[in-house]
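The values are calculated or read from the model by the stated rules, or taken from the named source; none is laboratory data. Keep in mind the model is a prediction, meaning the values are calculated, not measured. Here the Cβ is made from the backbone with ideal geometry for all residues, glycine too, and neighbour counts use every protein chain on show.
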């Protein structure tokens, strides 16, 4: 009788290390003020850090709702909404372009309004409430893959981020959000809340912080 001994890799130390990393890893999904956005799998940097800072503000306003009023030092006591396209509203014609102010400066043609009321259109918190148990099950399945030595902590965390981002993106597209105001609809040319230039949806991404 011949006894053949074959040496195999001891995976236990590596699995323990990956499990330790995974236990200290955080996955964040949302819209971040990074000055750029992941769009179609690529990081697009506008070159202006304020661009995504503005998107974060817009994201928060839609998520929680807000009433926007003129600042105290605004002498006109009005908000000025830039005209995006040629349209007629309440019998009056509005056209994009510029006009010369009393001070001789050029200003964008805008519509004066007393205040802007943005209704709550939650797509982050509402998706969390709908999907949190599903995400927990998904994370447990990914945990098993790491525990068996088949996948790394980085893979599992990124996969969970992709799943969460996908579900939130679907919510943005499919939920029955409060409609745009008539003036907003006329100015945009459509009545699709959360959708205009596509910047907000394009800025939705996830990030993984490994081994905290």
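Tell me whether region 86-106 contains one or more residues that are more than 26 Å from residue 208 (Cα to Cα), crowded, with 16+ Cβ neighbours inside 10 Å and in contact with a helix residue (DSSP H, G or I) (Cβ under 9 Å, 6 or more places away or on another chain).
The initial filter retains those residues of region 86-106 that are more than 26 Å from residue 208 (Cα to Cα), namely 86-106.
Now restrict to residues that are crowded, with 16+ Cβ neighbours inside 10 Å: 87, 94.
Still in the running and in contact with a helix residue (DSSP H, G or I) (Cβ under 9 Å, 6 or more places away or on another chain): 87, 94.
Within region 86-106 (the criterion being more than 26 Å from residue 208 (Cα to Cα), crowded, with 16+ Cβ neighbours inside 10 Å and in contact with a helix residue (DSSP H, G or I) (Cβ under 9 Å, 6 or more places away or on another chain)), the answer is yes, since at least one residue qualifies.
Looking only at strands (runs of 3 or more DSSP E) that lie completely in region 76-169, which have at least 2 residues being farther than 26 Å from residue 66 by Cβ?
Numbers: elements: 79-82, 87-89, 92-94, 98-100, 106-108, 110-113, 116-118.
Qualifying strands (runs of 3 or more DSSP E): 92-94, 98-100.
Just one of the numbered conditions (1) modelled with pLDDT of 85 or more; (2) surrounded by fewer than 12 Cβ atoms within 10 Å (Cβ to Cβ); (3) in contact with a helix residue (DSSP H, G or I) (Cβ under 8 Å, 6 or more places away or on another chain) is not true of residue 168; which one?
(2)
Within region 54-73, does at least one residue satisfy the condition of being at pLDDT below 80, surrounded by 10 or more Cβ atoms within 10 Å (Cβ to Cβ) and not assigned by TED's automatic domain parsing to the domain that holds residue 109?
Initially, region 54-73 is screened for residues at pLDDT below 80, giving 54.
Still in the list and also surrounded by 10 or more Cβ atoms within 10 Å (Cβ to Cβ): 54.
If we keep only those that are not assigned by TED's automatic domain parsing to the domain that holds residue 109 as well, we get 54.
Yes, region 54-73 has at least one match.
If you scan region 126-150, which residues turn out to be under 21 Å from residue 22 (Cα atoms), surrounded by 16 or more Cβ atoms within 10 Å (Cβ to Cβ), touching a residue at least 40 places away in the same chain (Cβ under 8 Å) and touching a helix residue (DSSP H, G or I) at 6+ places or on another chain (Cβ under 6 Å)?
146
Specify the residue that is farthest from residue 127 (Cα to Cα); the eligible residues are those in region 184-204 that are out of contact with any strand residue (DSSP E or B) (no Cβ under 6 Å at 6 or more places or on another chain) and not in a loop (DSSP other than H, G, I, E, B).
Taking region 184-204 and keeping what is out of contact with any strand residue (DSSP E or B) (no Cβ under 6 Å at 6 or more places or on another chain), we get 184-185, 187-201, 204.
Within this subset, residues satisfying the condition of being not in a loop (DSSP other than H, G, I, E, B) are 184-185, 187-188, 199-201.
Numbers: 184: 26, 185: 26, 187: 29, 188: 26, 199: 20, 200: 16, 201: 15 Å.
Selected residue: 187.
Would you be able to tell me the number of residues in region 171-200 that are surrounded by fewer than 17 Cβ atoms within 10 Å (Cβ to Cβ), within 15 Å of residue 119 (Cα to Cα) and over 13 Å from the mean Cα position of the chain (by Cα)?
Going through region 171-200 one residue at a time, the tally reaches 10.
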